[in-house]
Amino acid sequence: MNKRLKMFVLDNYSIPKRALDLGAGELVDVNGLKKMGWEVEGVDLKMGVNLEKFYLSKKRPFDLVYSNFVIHKIKNQTEFVKTAFENLKKDGWFFIQTFDLSDLNSSSKFTGDLLSKLLHKEGFRNIVFRVFDVFDDEEGHNHWHRVLEASAQK
Ligand SMILES: C[S@@+](CC[C@H](N)C(=O)[O-])C[C@H]1O[C@@H](n2cnc3c(N)ncnc32)[C@H](O)[C@@H]1O
């Protein structure tokens, strides 16, 4: 499970709650959170959910919506952020990671300011972003990434 997501969850929730993963991929984070007692829905193109379009879950509202390394692949980023916002409970958190513009190993065009503006425009508050370097030791990768992470509240 993604370490930063785990830290965010442990810092902000004292008991397991309900979460939605946007772009859940191989369900690594979904299964990690389930092991921690959370109830989690994971959606992805692989499961027939195209996040270029607004998606409203039947299981909403969620306490946490998160998305790791997906938004830079999405063209319709306004609808993506709206999906996060509308699936959350009031005061619920959106936690998102992508790559920063300065990352030499991705095509992401995001900066903290750009992501913050996008989140603010869709109604999020308490927006905080961080940029840090992470070594990607996945087979065939072995390079650094400059990760951009943001958290924001509905
Ligand atoms: C780099 S993977 C990240 C997977 C997972 N979040 C993780 O951190 O392990 C990117 C994921 O975004 C999904 N994705 C890309 N475009 C998408 C779209 N338009 N709608 C839904 N999922 C999409 C891909 O199918 C892939 O699973």
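Since every read-out is calculated from the coordinates, none of them should be taken as a lab result. In this text the structure is predicted, and so the values were computed from the model without any measurement. In this analysis, Cβ positions are derived from the backbone assuming ideal geometry, glycine residues included, and neighbour counts consider all displayed protein chains.
Summary table
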read-out	value
Neighbourhood net charge (13 Å Cβ-Cβ; Lys/Arg +1, Asp/Glu -1) for Tyr55	-1
The chain - share of DSSP beta bridges that are antiparallel (%, nearest 5)	55
Two-decimal Rg to Rh for the chain - Kirkwood Rh, Cα set	0.93
Value of relative contact order over the chain, rounded to a whole percent, pairs C-alpha under 8 Å and six or more apart	19
Unit charges at the beta carbon, dipole of region 25-150: most positive-side option, Val131, Leu56, Ser102	Leu56
Calculated FRET value between Leu104 and Glu39, using beta carbons and R₀ = 35 Å, to 0.05	0.35
Helical contribution to [θ] at 222 nm, DSSP H n ≥ 4, -39,500 (n - 2.57), averaged over the chain, rounded to 500	-7000 deg cm²/dmol
Cβ crowding within 10 Å averaged over residues, with 101-112, 21-32 ranked highest first	21-32, 101-112
Euclidean distance of C-alpha centroids, region 1-49 and region 76-120, integer Å	17
Selection from Leu33, Val43, Gly23, by position along the positive dipole direction of region 1-53 (Cβ)	Leu33
Region 78-154: equivalent-ellipsoid semi-axes (sqrt of 5 x gyration tensor eigenvalues, Cα, Å)	26, 12, 11
Over region 47-122, relative contact order from alpha-carbon pairs under 8 Å, at least 6 apart, %	32
Rel. contact order, % - alpha carbon contacts under 8 angstrom, at least six apart, region 1-71	38
Cα centre as origin, Lys/Arg/Asp/Glu Cβ charges: the chain dipole, Debye	740
